[in-house]
Amino acid sequence: MKICKTGILFFILIQFHPQIIHAEKIVNAQEWYTYDRMREDLKLLKRKYREEMEIELVGKSEFGQNIWAAKIGQGRENIIILGGHHGREWLTTSLVMTKLEYYLKAYKKNQKLFGYDPKLLDEVSIWFIPMVNPDGIRIQQEGIGFLPEQSQRRLLRMNNNNPDFDRWKANGLGIDLNRQYPTGWEHIKEKTSVPSYQYYKGTFPLQAKEVKAVVSFTRERKPLMAVTYHSSGRVLYWYFKNDESAVKRDKKIADQLSKITGYPLDQPEEHAVGGGFSDWFVAEFKRPSFTPEISYFVEDTNPPLSVFEEEWNRNKKVGIYLVAKSKKLFLNSNGSDEKEVE
């Protein structure tokens with residue numbers, strides 16, 4: 001009887017006090033973050049923040065799953081933040097989705113975001129693409145049972161006949177999406193010349209539907225800056241054969257991001273320069289792009305859930321800092337630099 005009364009009371013509270021439900025966080029980064037979970041969370045966030053966010057379909061994966069983008073802010077200009085390029089790197093999706101929800105809450109309530117005025121988002125919006133590679137993430141998390149039988153046989157061969165897909169990095173066709181962007185693609189030193197669980201760059205750039213969709217989406221919006229999250233190693237890549245005139249500008253921003261995240265600065269290894277989102281973005285727009293690698297180094301698998309809180313604390317300011325920096329650099333007529341918010 002006591003349990004029954006408690007249930008009735010909870011029902012009444014929900015009916016007359018819907019804010020009890022709305023007070024709850026939607027995104028749960030303390031569980032394996034799946035494609036279905038992300039899709040559901042985006043629906044719930046849109047229901048809760050109808051006026052504050054916009055959702056668009058970027059495109060579809062090779063196996064027909066949707067690639068979504070979400071926008072915060074009314075600014076005509078924007079920055080872009082991406083996660084989930086690689087199957088085993090879905091913790092970056094958790095991070096991007098957590099950032100999306102946290103920023104939405106502050107924006108709606110007009111509360112300071114780590115010392116920054118949320119109204120900055122009415123001048124420079126943020127586009128989030130949390131999961132670029134939904135097929136690869138499902139393969140890494142679930143295995144290949146959800147795919148057609150012929151595709152299962154192909155992927156098993158790509159995985160060296162190993163039924164454990166924990167190390168899977170590629171998309172559903174065995175192409176490494178972060179080796180598919182046009183800039184420098186032809187100069188990538190191939191580690192494999194056939195489709196594989198990792199490193200295969202494809203037979204031509206923009207071959208993968210996922211990358212083609214992201215490039216088209218980004219070209220339409222022309223972001224002022226970009227961040228593309230990867231794992232692992234706790235390092236920040238910033239130099240992607242940047243134009244000489246931009247190196248000094250970008251290094252200053254990278255130094256501040258290094259201070260915020262605690263990740264040391266580095267440059268990609270020679271074999272990895274070319275074909276990546278940041279390589280392409282810098283070449284295409286002549287604007288800054290940064291690639292943080294979250295988590296301590298792990299071998300060929302996903303980082304553990306236990307590192308999430310630390311990675312969130314390291315990265316929670318990154319988006320709003322770059323919004324403020326973009327405004328100063330590209331929208332302020334004198335390009336003056338104010339003191340950075342610590």
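The values are calculated or read from the model by the stated rules, or taken from the named source; none is laboratory data. Note that this is a predicted model, so its numbers are computed, not measured. Virtual Cβ from ideal backbone geometry, glycine too; neighbours counted across all protein chains shown. Note: areas computed on protein heavy atoms with side chains; ligands, DNA, RNA excluded. Shrake-Rupley method; radii C 1.70, N 1.55, O 1.52, S 1.80 Å.
Results, tabulated for the structure shown:
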item: Which numbered condition residue 223 fails, given (1) part of a helix (DSSP H, G or I); (2) under 18 Å from the mean Cα position of the chain (by Cα); result: (1)
item: Number of positions in segment 300-315 that are surrounded by fewer than 22 Cβ atoms within 10 Å (Cβ to Cβ) and either of a type in the set (Phe, Trp, Tyr) or touching a Lys or Arg at 6+ places or on another chain (Cβ under 7 Å) (or both); result: 4
item: Residues being of a type in the set (A, V, I, L, M, F, W, C) and without any contact (Cβ under 8 Å) to a residue 40 or more places away in the chain - total across segment 177-201; result: 1
item: Residue count for segment 251-287, restricted to those that are touching a Leu at 6+ places or on another chain (Cβ under 8 Å) and within 30 Å of residue 204 (Cβ to Cβ); result: 3
item: Tally, over segment 38-57, of residues that are part of a strand (DSSP E or B) and surrounded by 18 or more Cβ atoms within 10 Å (Cβ to Cβ); result: 1
item: Cβ pairs under 7 Å, 6+ apart, first in segment 226-247 and within 23 Å of residue 296 (Cα to Cα), second of a type in the set (S, T, N, Q) and open to solvent by 20 Å² or more (accessible area, probe 1.4 Å); result: 236/258; 237/267; 239/267
item: Test: residue in segment 208-216 that is assigned to a loop (DSSP other than H, G, I, E, B) and either open to solvent by 60 Å² or more (accessible area, probe 1.4 Å) or modelled with pLDDT of 95 or more (or both); result: yes
item: Boolean, residue 47 is basic (Lys, Arg) and within 17 Å of residue 137 (Cβ to Cβ); result: no
item: Residues that are polar (S, T, N, Q) and either within 23 Å of residue 77 (Cα to Cα) or under 18 Å from the mean Cα position of the chain (by Cα) (or both), drawn from segment 259-291; result: 261, 278, 289, 291
item: Where a residue in segment 105-128 is exposed (fewer than 15 other Cβ atoms within 10 Å of the Cβ) and its partner, wherever it lies, is assigned to a strand (DSSP E or B), with Cβ under 9 Å and at least six apart; result: none
item: Members of segment 129-144 found to be in contact with a Ser or Thr (Cβ under 9 Å, 6 or more places away or on another chain) and open to solvent by 10 Å² or more (accessible area, probe 1.4 Å), listed by number; result: 138, 141, 142, 144
